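Worksheet: the structure to be examined is printed underneath.
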Protein chains: 2
Amino acid sequence: MRSADGLSTRQEKILNYIQEFFAKHGYWPAIRDIQTDLKISSTSVVAYNLKALQDKGKINRQGKVSRGITLPNTLGVHNGAHQVPLLGTITAGQPLPDPEEVDIEAAEKVDVPLDLASADKLKDVYALRVRGLSMIDALIDDGDIVLLRRQDSANNGDMVAALLLDENSVTLKKFYQDNGRVRLQPANSTMQPIFTAAENVRIQGRVVGVLRSLF
Amino acid sequence: MRSADGLSTRQEKILNYIQEFFAKHGYWPAIRDIQTDLKISSTSVVAYNLKALQDKGKINRQGKVSRGITLPNTLGVHNGAHQVPLLGTITAGQPLPDPEEVDIEAAEKVDVPLDLASADKLKDVYALRVRGLSMIDALIDDGDIVLLRRQDSANNGDMVAALLLDENSVTLKKFYQDNGRVRLQPANSTMQPIFTAAENVRIQGRVVGVLRSLF
DNA sequence: ATAACGCTCAAACACTTGTGCTGTCAAGTA
DNA sequence: TACTTGACAGCACAAGTGTTTGAGCGTTAT
């Protein structure tokens with residue numbers, strides 16, 4: 001099985017393991033660490049997949065050097081942070097930028113603490129900076145950074161980025177669906193919900209985190 | 001020769017070298033790296049001084065593990081995350097816990113991304129988990145983690161944790177002072193401010209960040 | 001069918017690297 | 001002087017680790 005990145009599941013597990021190992025220990029894993037914890041039968045399998053990961057540019061390696069595996073995007077950065085791309089700004093009245101159209105590699109990165117979400121859950125997550133006070137009823141302030149996972153459906157109670165077709169505007173609200181009717185409930189209970197038809201709503205992503213710095 | 005830290009010049013060089021090595025390569029140096037580049041005659045000399053550094057708490061070591069030397073967070077220059085202690089819970093009506101009374105070493109830790117705040121600014125910062133909706137007018141939700149810097153005064157416009165003596169309750173608001181009168185302004189502009197006498201207010205800390213996870 | 005290819009095994013091999021002696025030497029101390 | 005202590009040397013060993021080799025096996029292409 002292959003993911004969108006062209007990585008096998010085993011390779012993804014290895015990549016993930018390397019990251020978490022470093023977050024936990026502060027130094028990189030040895031091949032045998034990977035082998036043992038991932039219950040791989042042979043070191044050569046690890047070496048084989050490591051080489052594949054290297055060819056795909058997912059890791060850096062120093063030949064012959066013990067524990068010389070490093071992750072490109074975390075070089076000089078460590079201790080529990082995972083980086084997600086900061087794709088732009090979210091403002092009232094504008095649809096979210098399409099992640100497909102942005103060069104993710106070149107985008108600015110935002111550190112996300114691992115205790116906010118484990119690395120595998122951050123797979124399809126990106127960040128947006130909030131401009132304006134339009135999201136204030138979702139308890140999100142001007143200048144906050146919101147973490148969004150791209151998805152086009154949602155469960156009741158999820159906080160989502162919803163595009164209202166009739167107004168052509170995006171809003172962050174809690175999502176509830178019932179018989180073709182949709183209720184978009186502000187996180188702030190003193191504010192009023194929006195009721196509309198399901199056809200009028202396009203879900204653009206799910207809000208998975210908020211970072212606010214007042215320094 | 002000894003520095004103020006009680007380190008010999010050689011130990012300082014080693015410490016410095018470890019830091020630079022990691023910044024340059026992304027992984028930690030082996031004893032022989034230190035030996036060679038610092039032109040030390042024997043690996044045992046390095047081991048000897050490494051042990052001294054460890055005893056003085058300047059480095060962490062993982063015995064037997066290759067390249068298992070790591071620097072404690074306080075020394076890391078460019079870590080992606082900095083750890084601050086999570087000292088407890090903040091609830092409406094209760095003063096903040098006194099950081100002096102809590103075992104900071106034993107406390108749970110929260111990762112804070114460095115792009116939220118640089119390491120030196122996180123010096124006297126601790127974290128609290130918010131329970132209840134009492135801080136909702138500060139755009140802080142139930143379950144959020146707030147980062148506070150301990151301080152007993154504030155500038156106009158700072159978001160502070162303020163203890164109202166007459167009500168014996170803590171609230172998070174923007175602080176404005178004018179002629180002995182204090183205005184505590186909710187971050188949510190639709191809510192009403194509190195006006196009170198300066199004598200009635202004790203500042204317990206300044207809010208420097210908010211983390212919210214919706215995973 | 002046959003070949004080619006991606007992936008996996010198992011084991012052996014060789015280099016890398018931490019550690020453990022055994023001394024040396026200078027400076028203090030009684 | 002004799003005894004300690006801190007710091008350094010040199011060397012060898014053993015454990016830690018990356019690499020290589022040869023083979024097995026299922027899937028896909030010729």
Quiz item: What are the label-to-label distances in nm, one decimal and shortest first, from A:Ser41 to the same spot in the other copies, with labels 7 Å along Cα to Cβ?
Solution: 5.3
Quiz item: How crowded by other chains is A:183-196, given as the mean number of beta carbons from other chains within 10 Å of each beta carbon?
Solution: 2
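What is the mean projected area of the alpha carbon convex hull for region B:9-75, to one decimal in square nanometres?
Over every viewing direction, the Cα hull of region B:9-75 projects on average to 4.2 nm².
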Quiz item: Local charge sum around B:Asn155 (other residues, Cβ-Cβ under 12 Å, Lys/Arg +1, Asp/Glu -1)?
Solution: +1
Exercise. Would you mind computing, in nm to one decimal, how far apart the modelled labels at B:Met191 and B:Lys13 are, each placed 7 Å from Cα along Cα→Cβ?
Key: 5.9 nm
Quiz prompt | Length-normalised contact order for region B:121-194 - Cα pairs under 8 Å, 6+ apart - percent | solution = 24 percent
Quiz prompt | Where a label projected 7 Å from the Cα of A:Arg181 along Cα→Cβ would reach, residues of region A:153-169 with amide N under 17 Å | solution = A:156-157
Practice problem: Starting from a label point 7 Å past Cα on the Cβ side, list the distances from B:Tyr17 to the same position in the other copies, nm, shortest first. | Solution: 3.3
Exercise. Note the distances from A:Lys123 to each other copy's matching label point, with points 7 Å along the Cα-to-beta-carbon direction, in nm, sorted shortest first.
Key: 4.4
Exercise. Report the calculated FRET efficiency for B:Gln151 and B:Val65 (r = Cβ-Cβ distance, R0 = 45 Å), to the nearest 0.05.
Key: 0.65
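Every number here is computed from the coordinates shown, using simple stated rules; none is lab data. Quick caveat, the model's predicted, so the values are computed rather than measured. Using ideal geometry, Cβ is built from the backbone for each residue, glycine included, and neighbour counts are taken over all protein chains shown.
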